[in-house]
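The values are calculated or read from the model by the stated rules, or taken from the named source; none is laboratory data. Just so it is clear, the structure is predicted and the values come from calculations on it, not from any experiment. With ideal geometry, Cβ positions are generated from the backbone for all residues, glycine too; neighbour counts draw on all protein chains shown. These accessible areas exclude ligands, DNA and RNA; they are computed on the full protein's heavy atoms, side chains included. Shrake-Rupley method; radii C 1.70, N 1.55, O 1.52, S 1.80 Å.
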Amino acid sequence: MSGTWEILHDHLGKALWDTCTMVGIATVVGVVFGTALAVVLYLTQARLFTPNRLVNTIVGFAVNAIRSLPFLILLVVLIPLIQLCIGDPYTPAGGAIALSIAAIPFFARIAESAFAEVDPGLLEAAVSTGAPLRQIISGAVFPQALPSFIRGIVLTVISLLGYSAMVGTIGAGGIGDLAIQYGYNRYETGVLIAIVVLLVLLVQLIQWAGDRLALRFTH
C-alpha cells in the first residue's frame, strides 16, 4: 500500500495534468473544426439554405470514414503523420494531435444533429424576413441548438477522456500511461483502482456540470 501511495504522490499530478492538457486541446480543436464541418453539412442538406448534394456527400463520407475507425487503429495510422509533424509521437503533444483528429468528425455529427433539431418553422420565418444567412445561423440556429450543443460538448469531453487513457498505452503520457507503467507492468493494483475511481469521479463531475449548463440555456 505504501508503494501505491508513493507512486500516486510522485506521478499522479503530472499524469492528470497531461491528460487534462490533451483532452482540453482536443476538445477545443474538435469543437471549432467539428462545428465548421457541421455547418457545411447542415447548410448543404437543408432545403431552406444552400442544398448541395455533392458537397454534402463528400464531406459526409470523410467524416464517416474517420469515425468508422476504432480509436486504437486510428492512433496507429496517425503515428507516422504525428512523427512527421512534431518528431516524437509518444508525448502528450502527440496524444493531443491524435485525440483532436478523432474529436473533429465525432463532434461534427453531434453538432449537425443539434442543428437539425431546430424548429423548421422558426427558420422559415427568419428566411421570409430576408435576413442574411450569417444572421440566421448566429441568431436563430445556434441559440436554439445551444442546449444540445452543450450536451454534445460534454459527451465529446467524456469520450476523449476515455480515449486519452488509450493514448497512454503507447506511452504518450497521462493517467493511462500511469496505469500501464505502474498499475499493470509493476502489478500495483492499488494504482489501477485509484485511476479507475478518479476517472469515474471526473466523468460524474463533467456530466453534472454539463447538464446544469445545458438546463440553464434551455428555452
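So between Val32 and Leu215, what do we pick up on full extension, going 0.36 nm a residue minus the alpha carbon distance?
Working: separation 183, 0.36 × 183 = 65.88 nm, distance 2.23 nm.
Gain on extension, Val32 to Leu215, equals 63.6 nm.
Whole-Hz Karplus ³J(HN,Hα) for the stretch 14-22, in order, using 6.51 cos²θ - 1.76 cosθ + 1.60 and θ = phi - 60°, x for Gly and Pro?
5, 4, 5, 5, 4, 5, 4, 5, 4
Would you calculate, for the chain, the mean residue ellipticity at 222 nm contributed by helices, counting each DSSP H stretch of 4 or more residues as -39,500 (n - 2.57) and dividing by all residues, to the nearest 500? It would help to have the intermediate numbers written out before the result.
Details: 9 runs with 171 residues, N = 219.
Value at 222 nm, helices only, nearest 500: -26500 deg cm²/dmol.
If you count, for each residue, the other Cβ atoms within 10 Å and average over each peptide, how do 184-193, 22-31 line up from highest to lowest?
Details: 184-193: 14.6, 22-31: 22.3.
Averaged packing, sorted descending, gives the order 22-31, 184-193.
Output the 0 to 90 degree angle, nearest 10, between the alpha-carbon long axis of helix 142-167 and the longest principal axis computed from the alpha carbons of the chain.
For 142-167 against the chain, the angle is about 20 degrees.
Each residue of the stretch 108-121 in order: what ³J(HN,Hα) in whole Hz does its phi give by Karplus 6.51 cos²θ - 1.76 cosθ + 1.60, θ = phi - 60°, with x for Gly and Pro?
4, 5, 5, 5, 4, 5, 5, 5, 5, 7, 5, 4, x, x
Of the peptides 34-40, 123-129, 105-111, how do they stack up when ordered by the mean number of other Cβ atoms within 10 Å, highest first?
Values: 34-40: 20.7, 123-129: 13.0, 105-111: 24.3.
With the highest mean Cβ count within 10 Å placed first, the list reads 105-111, 34-40, 123-129.
Pop out the ³J(HN,Hα) list for the stretch 45-53 in order, Karplus 6.51 cos²θ - 1.76 cosθ + 1.60 with θ = phi - 60°, rounded to Hz; leave Gly and Pro as x.
So the Karplus estimates, Gly and Pro as x, are 9, 6, 5, 6, 10, 10, x, 8, 5 Hz.
Using +1 on the beta carbon of Lys and Arg, -1 on that of Asp and Glu, and nothing else charged, what's the dipole of the chain about the Cα centre, debye to 20?
Once rounded to the nearest 20, the dipole reads 520 debye.
Taking 8 Å as the Cα distance limit and 6 or more residues as the minimum spacing, I'd like the relative contact order of the stretch 2-216 as a percentage.
29 percent
For a protection proxy built on the mean count of beta-carbon atoms within 10 angstrom, sort 43-53, 168-178 highest first, please.
The most tightly packed comes first, giving 168-178, 43-53.
Send over a whole-number figure in Å² for the accessible area per residue of the chain, probe 1.4 Å.
54 Å²
Enter the Cα centre distance for the pair the stretch 184-212 and the stretch 87-120, rounded to the nearest angstrom.
22 Å
Quick one: if you stick a label point 7 Å off each Cα along the C-beta vector at Glu6 and Asn52, how many nm between them?
Each label point lies 7 Å from its Cα, and together they span 6.3 nm.
At 0.36 nm per residue, minus the direct Cα-Cα distance, what do Ala62 and Gln207 gain on full extension? Give it in nm, one decimal, please.
49.3 nm is the gain from fully extending Ala62 to Gln207.
Which one, Ile101, Leu192, Gln181, projects farthest toward the positive side of the charge dipole computed for the chain from Cβ point charges (K/R +1, D/E -1)?
So the residue we want is Ile101.
Once neighbouring chains are kept in place and the probe is 1.4 Å, which whole percent of the accessible area of the chain is contributed by carbon and sulfur? Walk me through the numbers before you get to the answer.
Details: 8100 of 11930 Å².
After summing per-atom areas, the C and S share lands at 68 percent.
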